[in-house]
Amino acid sequence: WGVYVLLVVVLVGLLRLGGLGWFDAVCHSFTTMATGGFSTRTASVAAFDSAYVEAVLTVFMLLAGINFSLHYRLLRGEGGAWWKDGELRFYLGIFAAFAAVGTLALHAVRSEAGLGWSGAFREAAFTGASLMTTTGFATADYDRWPILLKPLLVLLMLLGGCAGSTAGGIKVGRIQVMLKAVVREIRLFMQPQAVIPVKAGRKPLEDDVLLSILGFVLLYLFVLLLGVLALIPFVPDCRTAFSAVVACLSNVGPGFAGVGPTQNYAAIPAAGQAILTALMLVGRLELYTVLAIFMPAFWRK
């Protein structure tokens with residue numbers, strides 16, 4: 001809690017230096033560190049049209065998506081805590097890769113319209129941080145971005161931040177472990193007698209932990225599929241249904257098409273909003289927690 005309050009206070013001060021009033025600075029600091037993404041302006045952060053404000057919020061959104069125990073260790077003097085953490089390196093690597101690809105794609109498509117390298121990087125970095133940390137702030141209508149970037153944005157929504165952060169999504173740590181497990185299975189296919197542990201940091205993981213992570217990810221995708229099928233009758237197209245379910249299950253906010261960054265959920269009828277409300281709760285409380293409530297054994301205990 002101390003780390004959380006400290007980051008909020010620092011962010012309020014930096015936003016005030018950027019010209020925001022107390023009300024805007026405090027509200028945006030609250031919704032940045034909570035990765036909630038609500039803004040005091042209809043146009044979200046785009047209303048301020050400030051490269052400084054966007055840069056500050058990008059940094060603090062990324063901080064909110066990092067395991068808070070690492071912030072605590074860093075403040076206690078463990079300078080190498082951040083860079084020794086494999087999940088954090090993976091998280092920042094994904095963000096950097098998207099920022100680079102997004103900058104190249106946006107500059108290639110819109111350079112004739114006057115979007116320079118700095119403007120392309122500004123849009124790509126802010127949007128990438130906003131969606132990956134499931135904050136949901138907007139400065140650009142990414143629904144109009146090149147088709148190449150849209151699947152990458154959806155993947156960022158699903159990935160989410162690190163374990164122990166305020167971000168939603170599957171969490172990059174789970175994805176990292178799954179990728180390591182896949183690599184191990186490929187190596188075991190070629191070397192059946194080899195002993196190849198899957199590690200999280202320097203700690204080998206037991207097979208039951210790997211199965212638990214795999215089960216969570218598969219359950220997450222299964223709930224996502226059910227949500228899309230349930231929502232389709234209430235929205236005009238499949239793209240809106242899919243992105244709305246991803247955005248709500250991962251607690252992002254804006255999606256694509258009918259629920260894009262310049263749209264909202266008001267046009268979805270009450271039954272559809274009830275489905276999305278349930279998905280938001282399930283995504284925020286984590287799947288196993290919610291499902292346990294409906295298990296008879298839970299109540300017997």
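Here the spin labels are modelled as points 7 Å beyond Cα on the Cα-Cβ line, and at VAL109 and ALA97 they lie 2.0 nm apart. Amide H to amide H, with H built 1.01 Å from N, ALA200 comes under 5 Å of LEU205, counting only residues 5 or more places away or on other chains. Neighbours of PHE216, meaning other residues whose beta-carbon lies under 14 angstrom from its beta-carbon, give a summed charge of 0 when Lys and Arg score +1 and Asp and Glu score -1. Expressed as a whole percent, the accessible area of the chain that falls on carbon and sulfur atoms is 69 (1.4 Å probe). Peptides 104-113, 150-159, 192-201 ranked from most to least packed, by the mean per-residue count of other Cβ atoms within 10 Å: 150-159, 104-113, 192-201. Solvent exposure of the range 176-244 amounts to 67 Å² per residue of accessible area, where only protein heavy atoms count and the probe is 1.4 Å. Count the net charge of all other residues whose Cβ sits under 14 Å from the Cβ of ALA113, scoring Lys and Arg as +1 and Asp and Glu as -1. Overall, the nearby charge balance is -1.
Based on DSSP H segments of at least four residues, each scored -39500 (n - 2.57), the chain has a per-residue ellipticity at 222 nm of -20000 deg cm²/dmol. Answer rounded, prolate or oblate for the chain, using the Cα gyration tensor with square roots of eigenvalues a ≥ b ≥ c: rounded when a/c is under 1.5, else prolate when a/b is larger than b/c, else oblate. Rounded, since a/c falls under 1.5.
Checking understanding here: applying a Kyte-Doolittle mean of at least 0.0 and a length along the axis of at least 27 Å (C-alpha), which whole DSSP H helices in the chain pass?
Span-like helices here: 86-110, 172-190, 207-231.
Take the Cα of THR40, step 7 Å toward its Cβ, do the same at VAL10, and the gap between the two points is 2.3 nm. Simple spin-label estimate for LEU155 and GLU185 gives 1.9 nm between the two label positions (7 Å along the Cα-to-Cβ direction from each Cα).
Here LEU75 and PHE222 are evaluated by their C-beta separation; at R0 = 41 Å the FRET efficiency comes out at 0.55. Taking a Cβ cut-off of under 14 Å around ILE170, the surrounding Lys, Arg, Asp and Glu residues balance to a net charge of +1, with basic ones at +1 and acidic ones at -1.
Beta carbons within 10 angstrom, averaged per residue: use that to sort the peptides 276-287, 74-85, highest first.
Per-residue mean Cβ counts within 10 Å order the peptides as 276-287, 74-85.
What the Cα atoms of the range 202-301 give is an Rg and a Dmax of 16.0, 49 Å. Note on the chain: Lys pairs 8 or more places apart or on different chains, Cα atoms under 25 Å apart, count 10.
The values are calculated or read from the model by the stated rules, or taken from the named source; none is laboratory data. Model, not experiment: these values are computed from the prediction. Note that each Cβ is placed from the backbone with ideal geometry, even for glycine, and that neighbours are counted across all protein chains shown. Remember, those area values only see protein heavy atoms, side chains included, never the ligands or the DNA or RNA. Shrake-Rupley method; radii C 1.70, N 1.55, O 1.52, S 1.80 Å.
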